[in-house]
Amino acid sequence: MKRVGVLALQGAVREHVQSIEACGAKAIPVKWPRDLEELDALVLPGGESTAMRRLIDRYGLMEPLRDFAQSGRPMFGTCAGLILLAREVVGQDRPHLGVMDVAVERNSFGRQIDSFEAELAVAGIEEPFNAVFIRAPHIISAGPQTQILCEHNGKIVMARNGQFLGCSFHPELTDDHRITNYFLNMIPGGTGTLLPNGTLYSKV
Amino acid sequence: MSEHGTDRVKRGMAEMQKGGVIMDVVNAEQARIAEAAGATAVMALERVPSDIRRDGGVARMADPHITEEVMKAVSIPVMAKARIGHIVEARVLEAMGVDYIDESEVLTPADEEFHLLKNQYTVPFVCGCRNLGEAARRIGEGASMLRTKGEPGTGNIVEAVRHLRQVNAEVRKVVTMSEDELMTEARNLGASYEFLKEVKRLGRLPVVNFAAGGVATPADAALMMELGADGVFVGSGIFKSDNPERFARAIVEATTHYQDYKLIAELSKDLGIAMKGIEISTIAAGERMQERGW
């Protein structure tokens with residue numbers, strides 16, 4: 001069984017754990033550098049990126065997370081997780097991990113009253129995907145090796161750059177596990193244990 | 001097509017706060033300290049609860065200038081308090097674009113009978129509760145997040161423990177009840193039958209529940225997490241302590257690593273003096289904020 005870590009400093013950890021397990025992999029909460037050992041992939045969940053960043057620094061997780069990225073294993077960031085992965089964050093001198101070749105802008109849809117849900121067309125997934133955006137960031141530009149998987153009202157909200165998958169919205173807040181499933185299929189040899197696209201789809 | 005202010009969008013915002021600490025602040029400088037310490041949100045208000053308790057008089061929504069300053073100062077979500085039942089204070093805060101409204105017993109209630117009908121707003125609300133019935137009524141009105149009330153401004157954790165244990169014990173009871181017992185339980189708790197069915201099906205409350213009202217130390221915050229809170233609100237505990245920056249950081253870290261006792265010991269060393277607490281029995285019954293609302 002594939003072992004998928006979820007960075008568990010703060011945020012929507014429980015939801016990602018449930019989604020990973022619903023797709024037939026084992027979910028491991030990650031709080032310390034040692035928790036990153038023997039993982040096949042890692043999810044950086046939604047939450048508050050500034051709060052997570054402080055805890056990453058405080059508990060010596062920055063280098064181990066960059067090493068994890070360096071090792072080529074898949075990483076998936078949702079919302080705050082996407083901000084942590086991005087090569088550039090608008091308005092900040094330096095990125096956080098800076099490993100995924102995209103530039104992101106925080107809170108770019110506005111404050112909480114501007115948060116919304118919408119039906120999206122995601123490349124490779126049968127339409128529609130009901131997505132929840134909460135004080136969401138969006139991808140303002142993406143490198144040449146980055147595949148745009150979804151746009152909403154002209155803004156890039158999901159992309160893949162090799163081993164890195166990132167989205168502005170929160171697939172973990174719905175019972176639709178197809179994007180988690182997509183991510184798990186990025187693990188080498190991951191396909192066999194997983195259900196095909198669509199079979200876990202339930203519109204809530 | 002996009003939809004704003006749905007239950008999922010409003011409750012989802014609270015889900016993102018889980019495992020975090022929401023701190024009371026009264027100005028931009030405190031807000032920056034809170035953000036730098038790793039707070040997941042700040043609550044903008046004019047006076048922290050212990051000052052409200054000391055000063056007496058009527059406590060109202062903060063001067064919008066303060067709330068605006070805080071919103072400009074930080075990039076994390078900003079919450080603000082409206083009086084229980086005060087429709088206009090809530091609408092004003094919504095119009096200002098605050099991210100979450102606390103319909104709060106810390107302020108003097110505007111309505112002693114009716115709470116706000118929160119599902120009519122786009123902005124989400126957090127409300128206090130002391131038991132499952134109160135939680136059910138607030139969620140029924142549209143609250144997207146709960147916090148157990150505790151006794152605000154006391155620096156005494158005892159009421160926060162009582163309320164969190166009470167809510168969780170009642171949830172466990174409902175989960176183990178058979179379906180044919182739920183209607184009677186609904187009558188006893190003053191909760192709707194549909195709500196109890198949902199709690200039974202989920203095995204937990206349908207919204208995030210933080211602990212509040214008395215958290216003064218890193219160990220207090222960890223205790224609330226140990227007892228099953230999704231996160232903590234710290235009111236007077238940080239900016240009424242000797243060293244707010246250190247207290248803020250230590251409380252954030254203790255909340256994340258709430259079962260790492262060696263770490264909590266380290267975090268608690270030489271922190272300086274916590275806020276001076278109040279023994280609950282010395283507060284006259286009429287002065288207890290937790291009795292406000294029903």
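The values are calculated or read from the model by the stated rules, or taken from the named source; none is laboratory data. Just so it is clear, the structure is predicted and the values come from calculations on it, not from any experiment. Using ideal geometry, Cβ is built from the backbone for each residue, glycine included, and neighbour counts are taken over all protein chains shown. The area values use the complete protein model at the heavy-atom level, side chains included, leaving out ligands, DNA and RNA. Shrake-Rupley method; radii C 1.70, N 1.55, O 1.52, S 1.80 Å.
Observations on the model:
- Whichever residue in the range B:73-90 is open to solvent by 30 Å² or more (accessible area, probe 1.4 Å) and away from chain A (no Cβ under 12 Å) and, among such residues, is nearest to B:Ile278 (Cα to Cα): B:Arg83
- Candidate set from the range B:91-134 (those that are of a type in the set (Val, Ile, Thr) and in contact with a helix residue (DSSP H, G or I) (Cβ under 6 Å, 6 or more places away or on another chain)); member that is farthest from B:Ala59 (Cα to Cα): B:Thr122
- Residues that are charged (D, E, K, R) and closer than 30 Å to B:Ile280 by Cα were ranked within the range B:173-216; the one that is least open to solvent (accessible area, probe 1.4 Å) is B:Arg204.
- Screening the range A:106-121 for residues that are surrounded by fewer than 20 Cβ atoms within 10 Å (Cβ to Cβ) and in contact with a strand residue (DSSP E or B) (Cβ under 6 Å, 6 or more places away or on another chain) and picking the one that is nearest to the other protein chains (Cβ to nearest Cβ) gives A:Ala118.
- Every residue from the range B:1-28 that is under 27 Å from B:Arg47 (Cα atoms), within 7 Å of chain A (Cβ to nearest Cβ) and either part of a loop (DSSP other than H, G, I, E, B) or polar (S, T, N, Q) (or both): B:Met16, B:Lys18, B:Gly19, B:Gly20
- Leading residue by the ranking (nearest to the other protein chains (Cβ to nearest Cβ)) among those in the range A:66-88 that are open to solvent by less than 20 Å² (accessible area, probe 1.4 Å) and over 30 Å from A:Glu117 (Cβ atoms): A:Phe68
- Test: residue in the range B:122-136 that is in contact with a His (Cβ under 8 Å, 6 or more places away or on another chain) and within 14 Å of another protein chain (Cβ to nearest Cβ): yes
- Test: residue in the range B:52-69 that is in contact with a strand residue (DSSP E or B) (Cβ under 7 Å, 6 or more places away or on another chain), open to solvent by 10 Å² or more (accessible area, probe 1.4 Å), within 12 Å of chain A (Cβ to nearest Cβ) and under 22 Å from B:Phe210 (Cα atoms): no
- Filtered by the rule that a residue be within 20 Å of B:Glu35 (Cα to Cα) and assigned to a helix (DSSP H, G or I), the range A:16-72 gives A:Ser49, A:Thr50, A:Ala51, A:Met52, A:Arg53, A:Arg54, A:Leu55, A:Ile56, A:Asp57, A:Arg58, A:Met62.
- Filter result for B:Ala216 (not in a helix (DSSP H, G or I) and not aromatic (Phe, Trp, Tyr)): yes
- Residue in the range A:93-102 that is surrounded by fewer than 20 Cβ atoms within 10 Å (Cβ to Cβ), touching a residue at least 60 places away in the same chain (Cβ under 8 Å), part of a strand (DSSP E or B) and more than 8 Å from chain B (Cβ to nearest Cβ) present: yes
- Among residues of the range B:4-22 that are more than 16 Å from B:Val232 (Cβ to Cβ), those with a Cβ under 8 angstrom from a residue that is assigned to a strand (DSSP E or B) and open to solvent by 20 Å² or more (accessible area, probe 1.4 Å), sequence gap 6+ or separate chain, pair up as B:Thr6/A:Glu117; B:Arg8/A:Glu117; B:Val9/A:Glu117; B:Val9/B:Glu3.
- Within the range A:55-65, the set of residues being at the interface with chain B (Cβ under 8 Å from one of its Cβ atoms) and open to solvent by 40 Å² or more (accessible area, probe 1.4 Å) comprises just one member, A:Arg58.
Residue by residue, here is whether (1) surrounded by 24 or more Cβ atoms within 10 Å (Cβ to Cβ); (2) touching a strand residue (DSSP E or B) at 6+ places or on another chain (Cβ under 7 Å); (3) part of a helix (DSSP H, G or I) holds:
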{"site": "B:Val92", "(1), (2), (3)": "no, no, yes"}
{"site": "B:Asp102", "(1), (2), (3)": "yes, yes, no"}
{"site": "B:Thr122", "(1), (2), (3)": "no, yes, no"}
{"site": "B:Arg137", "(1), (2), (3)": "no, no, yes"}
{"site": "B:Arg147", "(1), (2), (3)": "yes, yes, no"}
{"site": "B:Gly153", "(1), (2), (3)": "yes, no, no"}
{"site": "B:Asn156", "(1), (2), (3)": "no, no, no"}
{"site": "B:His163", "(1), (2), (3)": "yes, yes, yes"}
